[in-house]
Amino acid sequence: MKELLDLYLIFLRIGAVNFGGGYAMLPLLERDLAENRGWVTTDELRDYFAIGQCTPGIIALNVATFIGNKRKGAIGGIVASLGFLAVPIVIILLIAAFLTNFAELPVVRNAFAGIRVCVVVLIVRAVEKLWKSSVVDTVTLILYLVIFGLVVFSAYLPIRITTAVFVIAAGLFGVFFGKAGVKK
């Protein structure tokens, strides 16, 4: 029971400061859950982010569910998810109730502008960490460049390719080329 309460409280706290989505949350999760608590390894956490990216829903919520499930099974996944959602739901309800009244105030617009800049910094930091642990050799660099090029130029392709297709293709590449890019 104590571990379920711990799961709820840690994800309640993380959900309360999860501005910018899943990737902005990655450094916080690495510190709290991998380094301080040892609940997951950094590699497991990055795998959860990869899976969370190609499954329906919010990446950060999916990751909370995966970690909760790893710790205490299905009930742990539910508890971690509920903890993660509690504060954002309250905040969203409050914002929805008052935003139309205050959205045009200069102080509110300026606050959102500042928050957007901070979110970009958090995402760039998460991308840097993911880059260092993922693009580790020539094979993974080539895979990165191919997928990056396809994503960037996908608007000009004759067919639309969804993000999930890129993630699945990269996963299949990893399966067929074995341990390419895997650090020992």
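The values are calculated or read from the model by the stated rules, or taken from the named source; none is laboratory data. In this text, all values refer to a predicted model and were calculated from it rather than measured experimentally. Glycine also receives a Cβ, built like all others from the backbone with ideal geometry; neighbour counts cover every protein chain displayed.
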Condition check for GLU104: modelled with pLDDT under 90, within 30 Å of LEU172 (Cα to Cα) and of a type in the set (Asp, Glu): no
The listed residue being aliphatic (A, V, I, L, M), outside the structural domain of ILE51 (by TED's automatic domain parsing), in contact with a helix residue (DSSP H, G or I) (Cβ under 8 Å, 6 or more places away or on another chain) and loosely packed, with under 12 Cβ neighbours inside 10 Å, out of LEU172, LEU157: LEU157
Any chance the range 112-121 includes a residue that's in a helix (DSSP H, G or I) and not assigned by TED's automatic domain parsing to the domain that holds ARG46? no
I want to confirm something. Restricting to the range 7-28 and keeping residues that are of a type in the set (Phe, Trp, Tyr) and either buried (at least 17 other Cβ atoms within 10 Å of the Cβ) or not assigned by TED's automatic domain parsing to the domain that holds LYS72 (or both), which single residue is modelled with the highest pLDDT? TYR8
Just checking, does the range 72-94 include any residue being under 18 Å from ALA34 (Cα atoms) and of a type in the set (D, E, K, R)? yes
Which residues, taken from the range 82-111, are surrounded by 11 or more Cβ atoms within 10 Å (Cβ to Cβ) and over 13 Å from ASN18 (Cα atoms)? LEU82, VAL90, ILE95, PHE98, LEU99, PHE102, ALA103, VAL108, ARG109, ALA111
Out of (1) of a type in the set (Lys, Arg); (2) assigned to a loop (DSSP other than H, G, I, E, B); (3) under 22 Å from ALA24 (Cβ atoms), the one ARG160 does not meet is (3)
In this structure, does THR140 turn out to be among the polar types (S, T, N, Q), outside the structural domain of LEU28 (by TED's automatic domain parsing) and over 22 Å from PRO56 (Cα atoms)? yes
Going by what's in this entry, would ARG31 be described as out of contact with any helix residue (DSSP H, G or I) (no Cβ under 7 Å at 6 or more places or on another chain) and either assigned by TED's automatic domain parsing to the domain that holds VAL120 or in a helix (DSSP H, G or I) (or both)? yes
Of the residues in the range 136-148 that are surrounded by 15 or more Cβ atoms within 10 Å (Cβ to Cβ) and touching a residue at least 24 places away in the same chain (Cβ under 8 Å), the one that is farthest from ILE161 (Cα to Cα) is VAL139
Expected single match for more than 23 Å from SER133 (Cβ to Cβ) and assigned to a helix (DSSP H, G or I) among PHE49, PHE66, PHE11 is PHE11
Is it true that some residue in the range 56-65 is over 21 Å from ALA164 (Cβ atoms) and touching a helix residue (DSSP H, G or I) at 6+ places or on another chain (Cβ under 7 Å)? no
